[in-house]
Amino acid sequence: MGSIFRPPDNADLIQRLQRLRPETKAQWGKMDAAQMLAHCHVALGVATGEARIRRRLMGVLFGKLAKKKLAGPAPFGRNLPTAPEFVMRGARDFALERGRVLDLVQRLGQRGPEGLIREPHPFFGPMTSAEWDTLLWKHLDHHLRQFGV
């Protein structure tokens with residue numbers, strides 16, 4: 001499995017993001033490429049503390065169990081549910097969204113675990129640096145595979 005903090009893996013994520021095009025069609029799901037990038041930007045922003053989302057009852061009740069399953073070796077499944085704050089609707093500026101994601105991926109690669117927030121994840125609860133790393137990499141990989149890059 002890759003790591004957003006390991007330089008070769010981080011560079012691979014960046015190259016894959018750069019190959020993505022606005023017209024690239026999703027192989028599953030409802031988002032277009034720009035909406036997917038906006039979605040990933042929010043997820044990365046939660047990890048860095050730049051996006052603040054409050055913890056809900058579902059996260060308190062099921063977050064630890066979901067984290068254990070999703071942080072395992074298997075790739076994310078298709079069409080997983082997501083919190084309303086991560087659902088992107090309407091037209092998005094592809095270049096802007098890709099630039100924002102690229103910036104966060106590069107910053108996380110440069111800062112390593114020190115670039116992560118120390119607060120609990122709004123759904124999964126308390127997370128180690130290794131869990132953040134695994135889930136961030138798997139989430140980006142999942143959506144890049146969704147768009148064939």
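The values are calculated or read from the model by the stated rules, or taken from the named source; none is laboratory data. Computed from a prediction, not measured in an experiment: that's the story for all the values here. Cβ: placed from backbone, ideal geometry, glycine included. Neighbour counts: every protein chain shown.
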(request) Go through (1) in a loop (DSSP other than H, G, I, E, B); (2) over 20 Å from G125 (Cα atoms); (3) not basic (K, R) one by one and return the number of the condition T82 breaks. (result) (2)
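Can you find a residue in segment 128-148 that is modelled with pLDDT under 90, farther than 18 Å from S3 by Cβ and part of a loop (DSSP other than H, G, I, E, B)?
Initially, segment 128-148 is screened for residues modelled with pLDDT under 90, giving none.
No, segment 128-148 has no match at all.
Conditions tested, residue by residue: (1) part of a helix (DSSP H, G or I); (2) at pLDDT 95 or above; (3) not small (G, A, S).
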| position | (1), (2), (3) |
| --- | --- |
| M1 | no, no, yes |
| N10 | yes, yes, yes |
| C40 | yes, yes, yes |
| V46 | yes, no, yes |
| L61 | yes, no, yes |
| K67 | yes, no, yes |
| M88 | no, no, yes |
(request) Tell me which of these T24 doesn't satisfy, since it passes every other one: (1) closer than 22 Å to L108 by Cβ; (2) touching a helix residue (DSSP H, G or I) at 6+ places or on another chain (Cβ under 7 Å). (result) (1)
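Just to check your reading of the model, which residue among G63, G45, G2 is crowded, with 17+ Cβ neighbours inside 10 Å and either aromatic (F, W, Y) or touching a strand residue (DSSP E or B) at 6+ places or on another chain (Cβ under 7 Å) (or both)?
Numbers: G45 fails: either aromatic (F, W, Y) or touching a strand residue (DSSP E or B) at 6+ places or on another chain (Cβ under 7 Å) (or both); G2 fails: either aromatic (F, W, Y) or touching a strand residue (DSSP E or B) at 6+ places or on another chain (Cβ under 7 Å) (or both).
After applying the criteria, what remains is G63.
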(message) Restricting to segment 94-149, count the residues that are surrounded by fewer than 18 Cβ atoms within 10 Å (Cβ to Cβ), farther than 23 Å from G72 by Cβ and of a type in the set (V, I, T).
(response) 1
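Condition test on G99, is it of a type in the set (G, A, S), assigned to a helix (DSSP H, G or I) and in contact (Cβ under 8 Å) with a residue 40 or more places away in the chain?
Working: of a type in the set (G, A, S): yes; assigned to a helix (DSSP H, G or I): yes; in contact (Cβ under 8 Å) with a residue 40 or more places away in the chain: no.
The answer is no for G99.
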(request) Only one of these is over 17 Å from F123 (Cα atoms) and small (G, A, S): A51, A43, A26, A71. Name it. (result) A26
(request) Give the residue that is nearest to Q35 (Cα to Cα), with candidates limited to residues of segment 92-109 that are among the small types (G, A, S) and out of contact with any Phe, Trp or Tyr (no Cβ under 9 Å at 6 or more places or on another chain). (result) A95
